[in-house]
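No lab work stands behind these numbers, since they all come straight from the coordinates. In this text, all values refer to a predicted model and were calculated from it rather than measured experimentally. Quick reminder, even Gly has a Cβ in these numbers, built from the backbone with ideal geometry, and neighbours come from all protein chains shown.
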Amino acid sequence: MTKPTNFPRRTLLKLLPAAGLLAACGKSSKTRLALNWKPDPEFGGFYAADFAKHGLDVELLPGGSGTPTVQMIGAGSAEFGIIQADELLLARSRGNDVVALFAAFQSCPTGIMAHASRKLESIGDVLRNGTLAMESGLPFARLLEKKFGFDHVKIVPSPGGDLTAFLHDENFAQQCFITAEPLQARRKGVDVKVFPVSDIGYNPYTTVVATSRALLQKNPEMVKNMVAAVREGWAAYLQDPTATNQKMHALNPSMELPSYTEIAQAQKPLIGASPLGKMTAERWDALAAQLKELGDIPKTLPASDCFVDL
């Protein structure tokens, strides 16, 4: 069984109260990298990384639904954390001086899943009739409404990773994590068509390693070594994920081992970049402009404030 979609576990632009989680982290002599979900292939490169080779003693902190990694970085409860690019922009607009260092996923893994039998050709076709389950308050959902309107489709709340309604209704479409629900549906014998939200031009970097500006300025060599270790880890995982999948499965046996292999293969097209993890000012500027247009941030933020190229 694959993991549920990353909604609501990683609801975009929703910063949750963090006091309990922050306090639970306590102090540590290790360098902490806070994940925003349980060990799975989305984090394969981090579990494959040889941090010791780069002089680092790193503790990976598994997360869960609503883990406020961006707040943990700001509060010093973790030196590094996994966030999303749009989450970082919102945090910065609220005074949290976090900086992106490495983007594992170059293409956003969020999509809309529909039955292939409907023979839909585009994400706009999904909105012509039937039912669409999604979190309507998310930026991509509001962009969808602005671009196509919701007059001819019934919008209902996202069921997360539950496929019950989808499997029993050909005209039911739902928000998905591209490497999760579509694989589950196909395993159950249902052919699906997936439309990435990047099709409408909304494509935030995902599985982004971030740190605080203060740590970057205080210990730039350590930050540089962290990025180098992560980049090598992702290269190793993409080449052969077998051993790392076994390690993650031991930590998170709720997902069957064959699913780790299947997801690791399915996510490769979302990761590809040269060099791995590279980000561009153009992508950050475009995202900031979209969030400003939606009213999520009061003004556009300079790309140079949002990420560093290491």
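For G44, the shell of other residues with beta-carbons less than 11 Å away shows a net charge of -1, using +1 for Lys and Arg and -1 for Asp and Glu.
Taking amide H atoms as placed 1.01 Å from N in the peptide plane, the amide H of L61 lies under 5 Å from those of L33, A34, L35, each 5 or more residues away in sequence or on another chain. Along its three principal directions, the equivalent ellipsoid of segment 110-200 from the Cα gyration tensor extends over semi-axes of 19, 13, 12 Å, largest first.
For F102, the residues whose amide H sits under 5 Å from its own are V209, ignoring neighbours fewer than 5 places away on the same chain, with H placed 1.01 Å from N. Per residue of the chain, what 222 nm ellipticity follows from adding -39500 (n - 2.57) for every DSSP H run with n ≥ 4, rounded to the nearest 500? After summing the helix terms and dividing by residue count, I get -10500 deg cm²/dmol. To the nearest ten degrees, helix 139-148 and the longest principal axis of the Cα atoms of the chain are 30 degrees apart. About its Cα centre, the dipole of the chain is roughly 300 debye, where the only charges are +1 on Lys and Arg Cβ and -1 on Asp and Glu Cβ.
Here the residues I123, I155, ranked from fewest to most Cβ neighbours within 10 Å of their Cβ, fall in the order I155, I123. Entry note, segment 110-200: relative contact order of 48 percent, from Cα contacts under 8 Å with a spacing of 6+ residues. Contact order, relative form, for the chain: 29 percent (alpha carbon pairs under 8 Å, 6 or more residues apart, mean separation divided by residue count). Ordering of 89-102, 52-65 by packing is 89-102, 52-65, highest average first (other Cβ atoms within 10 Å, averaged per residue).
What is the order of D40, D296, D305, fewest Cβ neighbours within 10 Å to most? Present the calculation step by step, with values, prior to reporting the outcome.
On the way: D40 26, D296 17, D305 14.
By the 10 Å Cβ count, ascending, the order reads D305, D296, D40.
I'd like the orientation of helix 220-239 relative to the chain: the angle between its Cα long axis and the longest Cα principal axis, in ° from 0 to 90, rounded to 10. Compared with the principal axis, the helix lies near 50 degrees.
Under 15 Å of direct C-alpha separation, and excluding same-chain neighbours fewer than eight residues apart, K218 reaches these aspartates and glutamates: E79, D97. Along its first, second and third principal axes, ordered by size, the chain spans 55, 45, 38 Å in Cα coordinates. Counting other Cβ atoms within 10 Å as a rough exposure proxy, the listed residues K299, K38 run K299, K38 from fewest neighbours to most.
Any idea what % of Cα-Cα pairs in segment 157-306 are farther than 27 Å? The partial results should precede the final answer.
Numbers: 4728 of 11175 pairs.
Here the tail beyond 27 Å accounts for 42 percent of pairs.
For the listed residue pairs K224/K268; K146/K278; K193/K278; K146/K268; K119/K146, the alpha carbons are over 27 angstrom apart in K146/K278; K193/K278; K146/K268.
Distance between the C-alpha centres of segment 87-111 and segment 201-248: 13 Å, rounded to the whole angstrom. Seen against the Cα atoms of the chain and their longest principal axis, helix 242-251 is set at about 90 degrees.
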